[in-house]
Every structure is written in C-alpha cells, then in structure tokens.
Amino acid sequence: MATIGILAVQGAFREHADVLRSLGSDCFEIRNARDLGRPMDGLVLPGGESTVQGKLITDLGMGDALRSMIRDGLPVFGTCAGMILLAERIDDGHVAHLATMPIAVRRNAYGRQLGSFSATGSFGPLDGVPLEFIRAPVIESVGDGVHVLTEHGGHTVAARYGNQLVTSFHPELTGDTRVHRYFLDMVSGRRTAAGN
C-alpha cells in the first residue's frame, strides 16, 4: 500500500485524501516541517489559494525540504494551486514558489465570467475524463521534457515532467478516479524501481 502525504495548510486536501483512500492508499496530512520527516511514497499539492499556500510553506520552513524531495524523485501531483506552486514561472509577475517544473503558468486564466466550469476531455490515453475548472490557471509554455497530457480550448491544462504531474482542473471533485490512478501508477513505478 502506498503512503501519500498531502499538503494540508490550505485548500482541498481532504477531497484528495478521500479519493486516494478509496483506491487503497494510506494518507496523512502535512501541516508543518516535522510532518515531512514521515515516510511517504508520493506527495499531493492540492487546489486552493497558491499565494497563501506559498507563503505558509515558506513561513513554516517547508520550502527547501519539499523542493529537495521533489528534485530527488518523490512523485508529486499538483492540482490548480498545486500546479502554480510547482511552476518555474508565473506569468503575472508573482514570484515562483517551489519552481521544480519547467512550465510557465497564468493564474485565473479563464477570468471572472468563466471562473468555474465543467468540461470533458482526454487525459493522456484516457478519453471522457471530466474536467472541473475552478478559477483555473493554464500552462502558457513548457520546457524540454514536459509531456502535455490534456489540452482544452487551446490551452494546456495537464502535463507531466518525470516524477511531477500537474492539472489545472480538479479530478478530486468529479467522482472519476482515473487521474488519481495515473498518479498512483507513477508512485508504484518509483517504488518498484527502488525495490520497495
């Protein structure tokens, strides 16, 4: 059974835990730097307010440790705000947070009128995946090695870079578990490679 740590300083962390537990994973909440010392096979950075989450990560002394764990290969899944935390560049001038993934993102890309909406699309080889957008960012550009998984309305809204998976949308809110299964397959692949 995989153990997944979920950043729980703000945002939709409980919803991710519910989905991952339904798929047989053990989950725990990361609320301070001490929690990062617990063994984990994967990490989730949930949706919420990226500016608040980024400030809390810094204030709680978690930034360097999280950055190091991700760069050392820990599988990480960032949704919405989590994607912004991982991005190397934020196009509206905000300072990057963890900056481990070579993507540029634009926050609140759909504006106020379409602040929240639902759609359906593909996710890599998967078809008919529900896409739940809530004041969503989009990926404006990707660097070398980034694999685009989902596009919607001419924008990249899901991508993978090695051990890092990001989505603009919220699969934890849809009842469709396939995106989380994809992440758990990433986790399983790393555990197998490590002989665990």
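Laboratory data are not the source of any read-out in this text; all were calculated from the coordinates shown. Given the structure is predicted, the values throughout are model-derived calculations rather than measurements. We place every Cβ from the backbone using ideal geometry, glycine too, and count neighbours over all the protein chains shown.
Points worth noting:
- Farthest toward positive dipole pole in segment 3-193 [+1 Lys/Arg, -1 Asp/Glu at C-beta], among Asn32, Phe123, Leu86: Asn32
- Cut-off of 10 Å, at most 16 other beta carbons, DSSP loop: longest stretch of the chain lacking such trypsin sites (Lys or Arg not before Pro): 113-196
- In this structure, the amide hydrogen of Ala2, modeled 1.01 Å from its nitrogen in the peptide plane, lies closer than 5 angstrom to those of Asp26, counting only residues at least 5 positions away or on a different chain.
- Across every pair of non-identical alpha carbons in the chain, the mean reciprocal distance, once inverted, gives a Kirkwood radius of 16.4 Å.
- Extension reserve of the Thr51-Asp72 stretch, reckoned as 0.36 nm per residue once the Cα distance is removed: 5.1 nm
- Of every Cα-Cα pair in segment 32-85, the percent that sits beyond 14 Å: 53
- Test item: Cα-centred dipole of segment 3-193, Lys/Arg +1 and Asp/Glu -1 on Cβ, debye: 220
- Estimated FRET transfer efficiency when R0 is 41 angstrom, pair Glu29-Ser122 (beta carbons, to 0.05): 0.80
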